[in-house]
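Reviewing the structure listed below.
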Amino acid sequence: MTVAPPVQKKIVEWDAYTGRLEAVEFVEVRSRVSGYLESIHFNEGQIVEKGALLFVIDPRPFHAELNGAKAALSQAVSMVEQAKAKLNEAKAKGLQSDAQLQLAEARVQRARLLKASNASTQEELDQREAELLQAKADVEASKAEASSAEAAIASAKAAIDSAKASVVTAELNLDYTQVRAPVTGRVSREYVTEGNLISGGSAASTLLTTIASVDPIYCTFDANEQQVLKYIRLAQAGRRQSSRDAKNPVYLGLTDEDGFPHVGHMDFVDNRFNTNTASMRARCVFSNDDQVLLPGMFARIRIPGSAGYEAILIPDSSVGTDQASQFVYIVVDGIIERRSVKLGPIVDGLRVVREGLEGGESLVIEGMIRARPGLEVTTQTGEIQIIEDGLPDDYEPLPREKWVSPETNPPPKSTSPQMPDSATPATNAEEGENKS
């Protein structure tokens, strides 16, 4: 019999999955406004930078709309000035009416004194009292004119706000006639040629082209319930950090590549199982500087299924199987003994032995067909060959400086709307009102 001691070395159990590559950012480019497609400004299939001009929609109707909105804004500003002038006129009439009222009151008092001393007639008193009533009516009329002018100012200010909103909308629509790349990536073909009428502004808008980012790139895969539970138990026992909390390393190889030359890290684990497939979706991310990884490709990936530990490894050819268990033969003092073993995955071309061997035994690696328990044999020393798979025998979660996940956008500082520069005439009018 050819015998050899089992291999003892530190290993990591790398779990194998098949994943599919996906773009981090994939955008269907659609217009926000409708109109005739005037020109196209990109080469199909090439890399475009964020903000690059892709399409131009005929802007002339939107220029006209913007000019109309600006005219309406100017008209609203003039309405404010006109209402202010009427208010000033009403205030002046009010002062005049107050003066007339005071004079009429004085004349009535004088006429009543004269009448009491029989120095004046009843007719003159009646005339003075009628003048007093007329003066009071003039005062009320002046107040009404002032209130009407103030209401006209408020209405004109509301018209200014409405005109400002129309200007903002018109400027946005005019800006939307230039369709620019929302992300950096590789652009697809043009789905619409120049001269076509396109619809915009809705989910059913005309699809113009698509853009897929290339660096970094995602790889998604599905883990079954048994694997997910294994990761949960390992995390609970403190033997492996959860990929929800740590950026555990991931190794990837394409169909034509030997080993796993691409190194990335875990990026996302879903929050529920898919009830149709009984699996949970997970995602890793890789740098793609050379742009070899393309969206839609299949890939072989390996993620850590354990922490690094000292393991006992034996070749699969030395393992026997019966209906009850798996076993190996060892030689003790020239006599063959049978040992039941509990096996794990294959690492470096050898099978992990979880239970049954301690590592110093003389394991039968050749001649198992002739071996029987209790048989006395002569032995020769052999060697168990390790076939390196290119994966490390230990790992640590990646530090932050090595992360390649896209950065999360910060929250906006303010949600208050900003008025465009074209709305300054109304602002000037309001400043004039404050000064007056």
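The values are calculated or read from the model by the stated rules, or taken from the named source; none is laboratory data. Because the structure is predicted, anything quoted here is derived from the model rather than measured. Counting neighbours? That spans all protein chains shown, and the Cβs are built from the backbone with ideal geometry, glycine included. Surface accessibility is based on the protein's heavy atoms, side chains included, excluding ligands, DNA and RNA. Shrake-Rupley method; radii C 1.70, N 1.55, O 1.52, S 1.80 Å.
Remark on T2: its backbone amide H falls under 5 Å from those of I365, E366, Q380, a criterion applied only to residues 5 or more positions apart or on other chains, H modelled at 1.01 Å from N. One decimal place: the segment R60-V269 gains 70.3 nm when fully extended, by the rule 0.36 nm per residue minus the C-alpha distance.
Between S340 and D290, full extension at 0.36 nm per residue minus the direct alpha carbon distance yields a gain of 13.0 nm.
Put simply, the amide H of V24, placed in the peptide plane, has neighbours under 5 Å in S213, Y218, leaving out anything fewer than 5 places away on its chain.
So for each of 165-171, 360-366 I average, over its residues, the number of other beta carbons within 10 Å; can you give me the resulting order with the highest mean first? Before the final figure, lay out each step's value.
Details: 165-171: 18.3, 360-366: 20.0.
In decreasing order of mean packing, 165-171, 360-366 become 360-366, 165-171.
Of the trypsin sites (Lys or Arg not before Pro) found in region 260-293, those that fall in a DSSP loop while having at most 15 other beta-carbon atoms within 10 Å are R272. The phi-based Karplus calculation (6.51 cos²θ - 1.76 cosθ + 1.60; θ = phi - 60°) puts the 3J(HN,Hα) values of region 404-412 at 10, 5, x, 6, 6, 5, x, x, x Hz, whole numbers, x for Gly and Pro.
If you rank T210, T379, T275 by how much accessible surface each has, with a 1.4 Å probe, what is the order from largest down?
Largest accessible area first, the list is T275, T379, T210.
The value of relative contact order for the chain, using C-alpha pairs under 8 Å at least six residues apart, is 28 percent. The alpha-carbon of K10 sits under 27 angstrom from the alpha-carbons of these lysines, leaving out residues fewer than 8 places away in its chain: K230, K247, K342, K402.
With the alpha-carbon atoms of region 258-308 aligned to their principal axes, the span from lowest to highest coordinate is 37, 32, 19 Å, starting with the largest. Over region 48-88, accessible surface divided per residue gives 53 Å², non-protein components excluded, 1.4 Å probe. Between T193 and E358, the simple label model (points 7 Å from Cα in the Cβ direction) yields a spacing of 8.2 nm. Rounded to the nearest whole Hz, the Karplus-based 3J(HN,Hα) values (6.51 cos²θ - 1.76 cosθ + 1.60, θ = phi - 60°) of region 238-246 follow the sequence x, 9, 6, 6, 5, 6, 6, 9, 10, with x at glycine and proline. Charge tally around D258: other residues with Cβ under 13 Å, Lys/Arg +1 each, Asp/Glu -1 each, net -3. Rounded to the nearest 5, what is the percent of antiparallel bridges among the DSSP beta bridges in the chain? Restricted to the chain, the bridges split so that about 95 percent are antiparallel.
Summarise the accessible area of region 152-226 (1.4 Å probe, protein heavy atoms) by the percent that is carbon and sulfur. Before the final figure, lay out the partial values.
Details: 1630 of 3350 Å².
The nonpolar share, carbon plus sulfur, comes to 49 percent.
A straight chain from D333 to R400 at 0.36 nm per residue would run longer than the Cα-Cα distance by 18.6 nm. A simple spin-label model places pseudo-atoms 7 Å from Cα toward Cβ; at D389 and Q236 they are separated by 2.7 nm. Note that region 324-329 has calculated 3J(HN,Hα) couplings of 9, 7, 10, 8, 9, 10 Hz, one per residue in order, obtained from phi through the Karplus relation 6.51 cos²θ - 1.76 cosθ + 1.60 (θ = phi - 60°); glycine and proline are x. Each listed q (0.13 Å⁻¹) maps to a log10 I(q)/I(0) for the chain, found by the Debye formula over equal Cα scatterers with no solvent: -1.17.
Based on the alpha-carbon gyration tensor of region 1-103 and its eigenvalue square roots a ≥ b ≥ c, which shape applies: rounded if a/c is under 1.5, prolate if not and a/b is larger than b/c, or oblate? Oblate.
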